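K.L.:
Please read through the structure below; I'll follow up with questions.
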Amino acid sequence: MSNTSRPDRVVPVQPLQLQRMLTFTVLLMVGFAVVIGRLIYLQAVRHEYYLAKAQEKTRRIYLRESERGKIMDRQGVLLATNQRIRILCANLAYIDRYNDKMARAIAEYLEHKGVTEEGIRQRLELNYVTVKDKSVLDPHVRLRVKVTDEEYNGLKDYIAQYPFNEHPELLPESEQDFVKQMKRWAVFVESVDDFKRLYPNGTMAAHTLGFTQSREEVWSGRTVFLTKGIEGIERTCDEWLRGAIGWRETERAPGVGELREYRYRDLSPRSGMNVVLTLDAGIQAIVEEELATGVETSKPMSATVIVVRPQTGEILGMASYPTFNPNKPVTAINNGDASKNRAIMDQFEPGSTFKIVSIASALSEGTSRLNDTVYCENGQFSNGKWRLTDDHSYGNLSVMEVLAKSSNIGTYKVIREVGSQRFFDYIRGFGFGQPTGIQLPGELGGKVHHVNDWRDVTMSRVAIGYTISVTPLQITMAMAAIANGGRLMQPMIIDRIEYPDGRTMTKYDPHLVRQVMTEQSTLDITKALSQVVSDQGTARRAELEKYTVAGKTGTARKIVNGRYTHSKHLASFVGFLPAEAPEICISVMFNEPEGRGYGGIHSAPVFKLIAERVANYLNLKPSEWYMPAEEMPEDLIVQTRVMPVHFQP
Amino acid sequence: MSGVESKCQGVRQATYLLILCVAFLLTFGSVVIYSASMHEEGSSLLVRHVMYVGLGLCGALFLAWKDYAWIQKNALWFFTVAVVLLALIFVAGEVRNHARRWFVFRNSISFQPSEFAKLALIVFLAWYGEKYSEQMKSWSKGFIYPLLPIGLLLGLIFAEPDRGTTILLGALTAMVLLLAGSRWTGFAALFTAGISGLIYIFSTQSMPRQRLMAWLDPEKFKEDQAYQIWQSLLAFGSGGLEGMGLGNGRIKIKFLPEQQTDFIFAVVGEELGLFVSIGLVLMFALLVLCGLFIAWNARDRFGFLTASGITFLIGMQALINVAVVTNTLPNKGLSLPFISYGGSNLMFMMAGVGILVSIAHHSVKSIGQIGPSPVEPEELLRA
C-alpha cells in the first residue's frame, strides 16, 4: 500500500481541488481578518469605555478611620478614650447541631446591643460558598456584630457556663467533649480598623465632655459614617480630636478581597490631638460625690456645682444634676434634660448672691464704706410707688452687716448712692448679660436689661438679684473676680492640646477680661463676705474648721404662673477660700429643693463638704498660717495625689 | 529539475516555519497559562501543562518520524475506537459543567475522547477520499455513505453535549469531503437545513433566543447569560494597545470563568494588549498557510486530505475561539490550540502537527525519489 514503493498510484490533485482549497483558504483568512478588525475595535476604539467599566468593578476606596484624640484631665487621667472594635465570628464546625442553642446564648448575652436570636441563627445556618465551581462548606461565618474586648470576654464566659444540655453528665463522653470544644472555640473575633468612644469613668464630667455619635457625612463625594462630637468638649474640639481620615485606593477581586499588589495609594490616618482639660479628676469626683449626697437630702429639680481657680479662671470641677452616661449617647440625645450642661445653659434670677455685685460696686465707687451705717427701716420700706421688705426686721446695720444678714433694704439704700448708670456699668463689668466665652458649646449669656430701659423700681430689684438672669458660671466668675483682686478672668476649660505622643501643641493661657473693681475694695468686701460665713451671717453651715470662707447665700423665689412664689426657690451659695489668699472658688446651686429653699440650708452644707475635701486634696495651707499673697509659693496648687477613679465602661 | 529542487526547498522551509510557529505558540501558551492561573492554582497548572507538552512532543516526534502510511492502513480502526470511546462516555464518563465529556482516572488524569475523535475523523475522511477518489462525484459514495458513520460520531459528540465541537467537525467534514471531490450541492442543502433549523429553534424556544439577545447586547445581560462574555470584553477592552503588563490582569482574577482554558485569549488581550493579540492571530494564519502548503505538496491524496484536514482543524478552532472570546460569534466551548490549558486537546493537536511534519517529510522524500511533483497542475495532463 505504501506510496513510496508504488508511485504510479499517486492520485494527482485536480483543478477543482485547487479551486476549492483556495476558496477555503480565502474564507479562513477573511475570518482571521474579521477577528483582527474586532480586536482593533475592542482594544483600540473602545479601550477607554471598557477600561472604565472594568475599573468600576475592581477599584475600591477604603476609608481608614483615624483614632479620635483622647480627653484627659490636668493630671493625665483619661476621661475619654477609644476602644478597638472587633467583629464577632463563629466557626460552624464546632457548633454543628447546637446552632439553635448557640444563637440563643449569643442573643441573650448581647441583647442590649439589639442582637436578635433570629438574626444570629440565620448566620449560623450552613454556609455554602462556591470554590472552583464546587459548592463547599465554609465553616467561618461573620455574625455582623461588633463587640469590644470586654463584651467578647463576657460572651465567652457566658457561653462557657451556658447549659447546652439539660443533663450534661448523662451524655456520652464524646458528646461532652464536643460541647467542651465548642464552648472553647466556636466563637472568636476578627480585628478591624474601627473604634468605639469610651468614657472610662462613666458619668464623670459627662456634661463637660459631651458625647459623640456616628454621623453621615459627605467625604470627597461619598457618603460615609464618621464619628462626630455632638456636645461638650467633644463638639468644641471636634476639629482637634477627629484627626485626619486615611484612605486606601486599591483593587479587589470577588472572593479574594483586596489585591495588595495593586494598592496604589495608601494614606495612613492621622490620630487626633489629645485635649487636656483644666478639670482635675480628683476634684471632679469630690464634686460629683458631694453633689449626689446633697441631691439626696435636698431633692432638687436640678443642681450645679462649679469649682474654679480665681487667679486663672481654670475650672477644676464642674457638675450638673441630672446627669447622663456619655457611653450611651442615644439615651443622652433622647433625654435633653439630662445632657444639658446647666452650669452654662441654665438662666435664672440669682437672688441674694447678686448682692455681692451691688455692694462691690458701691465699695469700689467709694459711695459707701464698710463701716457706714444704713437704716434698714425695720424690714418694711416703701416710697409710695413700690415696696421692699426683709425677712427679718433690722434697724441700723453697717454695710458689712447688710451683706452678712442679706438685707434687701440695706442693699438698695447702698446701691442708690451709686446710681443706676454706674451700677449698670459694674454689672456689665462683672460679665453679666453676655456669655463668658468658655470653650463649651451652647453657653447662654443671661439677660440684663439696658439701663435706659430701667424703670424707677428696676434698680431696687436688680440690686437684690431679680429682673435679671444669670448663668451659674457667670455668678461664679463674678465671685472669682472678687477673690482675684477684682480681676475678672475668662473661665478656662481647656488647658492644652497635645500631639498623640504627648508633646504640647497649643497651651491656653489665662485670659484677663478686665479689672472690674479696685483691689482695695475687694479686701473690704472679702471681709464682709467672711462675715456671711459666721454665726452672724446667713451661711454658718458653710463654716470650715481650718479655713476662713468668704461667701454669699442666695434664696431666689421663682416665678410660677407670673407671680413670685414662696414654695419654689433657687437655693445657692457662692464662696471662696481661704478668704485671705483665695485658692478656690466654689458655687453650689439647687433649683427647687424640697422644703424651705434657703441657700444657707441646702447649698451651704454641700459647699462645706466640697470645700473641706477639695482643700485637703489640694493641700491648701490652713488659715492659721496665713501668708501675704506675694509670699505664696507658686506651686501651692500642685497636686499630690489623684483620687482613685472607679472604672465603669 | 530546478523546479523540483525549489519545491523541495519550499516544503522544507514551510515545515520549519510550521514547527517554529507551533514551538512559539507552545512556549507563549505556557507563560500565559501561568499568568492566568497563578492567583488560584500557583504553578500547579503550569507544571502539568509543561508535562503535557513534553508528552505531546514525544508523540509528535514519533508520528513525524514514522511514515504516515500506517495511519492510512489503520484509519478504520482509529475511527471505530473513537466511536466506541465516545459511546463509552455515556457509561463511564464524568460530568463537568453540565456536560459528560471526560474519562477520569484516579481523580486526576482525565481524557477527552472527542479530541481523539477529531483526528480519527480527519484520518477516516482522508482514507475514504483516497479509497473512493473516482466515485466522489456520485451521490451515494460521495455524500450519503461517508455521512452515515460520521453522523454517528457527530451525534455522539452532540449528545455529550458538545455543540461547539460538533459544529467544528461538521464544517471540517464538509471541507475535507469537498476537497476529496464531493458535490457541493449536498452540503449546501445540509447547510441550509441547519440554518433553517436554527431559525426555527430561535423563533420557538425562549432560552436560545435569550442567548442570542445576550450575544447581541452582552452589557444588558452581563449579570446572567452574558456574564462570561462580558468579562471577556472587559478584559480585552481594558488591555488597550499595550496591555496591563504580563501577570497584571485584573479581570482574570475570579471575574472571568475558564480564564485558563477557553478564554485564555482574553487574558492575552488584557495583559499584553492589541499588538500581541493581533500577532497571535497572524501566527495562526501563518501556521495555516504553512500547513496548506504542505498539504498541497503531499505525495498522495491521503496525505493531501489529512494535511488539509489537520490544518483546517487548527485554523478553524483558533478562529472560532478568538471569534467567541471577542463576541464575534456566540459562546461555544472551544479551546485555543496550543495555548489553552487542557491535556487531551494539546496532545492531539501536537499529534496532528506530528502527522503534518511526517506528510511534509515524506513529500520531500518522494519528490526527491520519483521526480516531478505530482501536484504540479500542468503535469496532471502528463499523468
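The values are calculated or read from the model by the stated rules, or taken from the named source; none is laboratory data. Predicted model, so just to flag it, every value in this text is computed and none were measured. Positions of Cβ are backbone-derived with ideal geometry, glycine not excepted, and every protein chain shown enters the neighbour counts. We work out accessible area using only protein heavy atoms, side chains counted, and drop any ligands, DNA or RNA first. Shrake-Rupley method; radii C 1.70, N 1.55, O 1.52, S 1.80 Å.
K.L.:
Looking at segment A:482-496, can you tell me whether even one residue there is assigned to a helix (DSSP H, G or I) and open to solvent by less than 10 Å² (accessible area, probe 1.4 Å)?
P.N.:
Yes, there is a match, as at least one residue in segment A:482-496 is assigned to a helix (DSSP H, G or I) and open to solvent by less than 10 Å² (accessible area, probe 1.4 Å).
K.L.:
Can you tell which of A:Arg252, A:Arg222, A:Arg248 is within 14 Å of chain B (Cβ to nearest Cβ) and either over 19 Å from A:Arg613 (Cα atoms) or touching a Ser or Thr at 6+ places or on another chain (Cβ under 8 Å) (or both)?
P.N.:
A:Arg252
K.L.:
Further, regarding this structure: Return yes or no: is A:Asn341 in contact (Cβ under 8 Å) with a residue 60 or more places away in the chain and either assigned by TED's automatic domain parsing to the domain that holds A:Thr227 or within 13 Å of A:Gly232 (Cβ to Cβ) (or both)?
P.N.:
Yes: the conditions hold for A:Asn341.
K.L.:
Give the residues of segment A:448-463 that are outside any helix (DSSP H, G or I) and at pLDDT below 90, sorted by residue number.
P.N.:
A:Trp454, A:Arg455, A:Asp456, A:Val457
K.L.:
Of all residues in segment A:279-303, which are assigned to a helix (DSSP H, G or I), touching a strand residue (DSSP E or B) at 6+ places or on another chain (Cβ under 8 Å) and hydroxyl-bearing (Ser, Thr, Tyr)?
P.N.:
The one that is assigned to a helix (DSSP H, G or I), touching a strand residue (DSSP E or B) at 6+ places or on another chain (Cβ under 8 Å) and hydroxyl-bearing (Ser, Thr, Tyr): A:Ser298.
K.L.:
Now for a separate question. Go over the candidates B:Val268, B:Val324, B:Val281 one by one and state the one that is closer than 30 Å to B:Gln225 by Cβ, over 15 Å from the mean Cα position of the chain (by Cα) and either in a helix (DSSP H, G or I) or facing another protein chain (nearest Cβ under 9 Å) (or both).
P.N.:
Testing whether each residue is closer than 30 Å to B:Gln225 by Cβ, over 15 Å from the mean Cα position of the chain (by Cα) and either in a helix (DSSP H, G or I) or facing another protein chain (nearest Cβ under 9 Å) (or both) leaves just B:Val268.
K.L.:
Have a look at A:Ser358, A:Ser382, A:Ser393 and point out the one that is among the hydroxyl-bearing types (Ser, Thr, Tyr) and either within 44 Å of the chain's Cα centre (by Cα) or at pLDDT 90 or above (or both).
P.N.:
Unique residue meeting the criteria: A:Ser358.
K.L.:
Which residues, counting only those in segment A:324-357, are closer than 15 Å to A:Phe432 by Cα and of a type in the set (S, T, N, Q)?
P.N.:
Of everything in segment A:324-357, those that are closer than 15 Å to A:Phe432 by Cα and of a type in the set (S, T, N, Q) turn out to be A:Gln347, A:Thr353.
K.L.:
Taking the condition of being among the polar types (S, T, N, Q), within 30 Å of A:Gly485 (Cβ to Cβ) and open to solvent by 20 Å² or more (accessible area, probe 1.4 Å), how many residues in segment A:365-389 meet it?
P.N.:
The total comes to 3.
K.L.:
Here's a follow-up. Under 7 Å between Cβ atoms, which residue pairs at least 6 apart in sequence (or on different chains) link something in segment A:373-387 that is of a type in the set (Lys, Arg) with a partner that is part of a strand (DSSP E or B) and surrounded by 12 or more Cβ atoms within 10 Å (Cβ to Cβ)?
P.N.:
The qualifying pairs are A:Arg387/A:Phe381.
K.L.:
Do the conditions hold for A:Thr203, that is, is it in a loop (DSSP other than H, G, I, E, B) and either open to solvent by 40 Å² or more (accessible area, probe 1.4 Å) or charged (D, E, K, R) (or both)?
P.N.:
yes
K.L.:
Okay, next question. If you scan segment B:230-249, which residues turn out to be open to solvent by 10 Å² or more (accessible area, probe 1.4 Å) and either within 19 Å of A:Leu39 (Cα to Cα) or under 26 Å from the mean Cα position of the chain (by Cα) (or both)?
P.N.:
B:Leu241, B:Glu242, B:Gly243, B:Met244, B:Gly245, B:Leu246
K.L.:
Test B:Thr306 against the criterion of being over 10 Å from the mean Cα position of the chain (by Cα), polar (S, T, N, Q) and open to solvent by 10 Å² or more (accessible area, probe 1.4 Å), and give yes or no.
P.N.:
It is false that B:Thr306 is over 10 Å from the mean Cα position of the chain (by Cα), polar (S, T, N, Q) and open to solvent by 10 Å² or more (accessible area, probe 1.4 Å).
K.L.:
Next question, about the same structure. For A:Pro322, work out the one condition from (1) in contact with a helix residue (DSSP H, G or I) (Cβ under 6 Å, 6 or more places away or on another chain); (2) touching a residue at least 40 places away in the same chain (Cβ under 8 Å); (3) surrounded by fewer than 23 Cβ atoms within 10 Å (Cβ to Cβ) it doesn't fulfil.
P.N.:
A:Pro322 satisfies every listed condition except (2).
K.L.:
Going by the structure shown, is A:Glu108 open to solvent by 50 Å² or more (accessible area, probe 1.4 Å), in a loop (DSSP other than H, G, I, E, B) and modelled with pLDDT under 90?
P.N.:
It is false that A:Glu108 is open to solvent by 50 Å² or more (accessible area, probe 1.4 Å), in a loop (DSSP other than H, G, I, E, B) and modelled with pLDDT under 90.
K.L.:
Only residues that are modelled with pLDDT of 90 or more, on the phi > 0 side of the Ramachandran plot and surrounded by 23 or more Cβ atoms within 10 Å (Cβ to Cβ): list them for segment A:401-437, please.
P.N.:
Across segment A:401-437, the qualifying residue is only A:Gly431.
K.L.:
For segment B:68-136, please list each of the helices (runs of 4 or more DSSP H) lying entirely inside it that holds at least 3 residues being of a type in the set (Val, Ile, Thr) and without any contact (Cβ under 8 Å) to a residue 24 or more places away in the chain.
P.N.:
Of the helices (runs of 4 or more DSSP H) lying wholly inside segment B:68-136, those with at least 3 residues that are of a type in the set (Val, Ile, Thr) and without any contact (Cβ under 8 Å) to a residue 24 or more places away in the chain span B:75-92.
K.L.:
If I go through segment A:255-278 residue by residue, how many of them are open to solvent by 10 Å² or more (accessible area, probe 1.4 Å) and either among the basic types (Lys, Arg) or within 14 Å of chain B (Cβ to nearest Cβ) (or both)?
P.N.:
Total meeting the criteria: 11.
K.L.:
A follow-up question, please. Look through segment A:548-568, keep the residues that are outside any strand (DSSP E or B) and touching a helix residue (DSSP H, G or I) at 6+ places or on another chain (Cβ under 8 Å), and return whichever of them is surrounded by the most Cβ atoms within 10 Å (Cβ to Cβ).
P.N.:
Here the answer is A:Val549.
K.L.:
Let me ask something additional. If you scan segment A:535-574, which residues turn out to be of a type in the set (Lys, Arg) and either free of Cβ contacts under 8 Å to residues at least 12 places away in the same chain or not assigned by TED's automatic domain parsing to the domain that holds A:Ile482 (or both)?
P.N.:
If the condition is that a residue be of a type in the set (Lys, Arg) and either free of Cβ contacts under 8 Å to residues at least 12 places away in the same chain or not assigned by TED's automatic domain parsing to the domain that holds A:Ile482 (or both), then A:Arg563 is the only one that fits.
K.L.:
Looking at (1) more than 14 Å from the chain's Cα centre (by Cα); (2) aliphatic (A, V, I, L, M); (3) at the interface with chain A (Cβ under 7 Å from one of its Cβ atoms), which one does B:Leu319 not meet, given that it meets all the others?
P.N.:
(1)
K.L.:
I'd like the residue in segment B:202-224 that is open to solvent by less than 80 Å² (accessible area, probe 1.4 Å) and under 27 Å from A:Ala44 (Cβ atoms) and, out of all such residues, is farthest from the other protein chains (Cβ to nearest Cβ).
P.N.:
Within segment B:202-224, the match that is farthest from the other protein chains (Cβ to nearest Cβ) is B:Ala214.
K.L.:
Conditions: (1) open to solvent by 10 Å² or more (accessible area, probe 1.4 Å); (2) among the hydrophobic types (A, V, I, L, M, F, W, C); (3) outside the structural domain of A:Arg596 (by TED's automatic domain parsing); (4) closer than 30 Å to A:Phe590 by Cβ. A:Ile233 meets all but one. Number of the miss?
P.N.:
(1)
K.L.:
Test B:Val22 against the criterion of being out of contact with any Phe, Trp or Tyr (no Cβ under 7 Å at 6 or more places or on another chain) and open to solvent by less than 40 Å² (accessible area, probe 1.4 Å), and give yes or no.
P.N.:
Taking the combined requirement at face value, the residue does not satisfy it.
K.L.:
Separate question: Which one is farthest from the other protein chains (Cβ to nearest Cβ) among residues in segment A:45-98 that are hydrophobic (A, V, I, L, M, F, W, C), in a helix (DSSP H, G or I) and within 30 Å of A:Trp185 (Cα to Cα)?
P.N.:
A:Ile95
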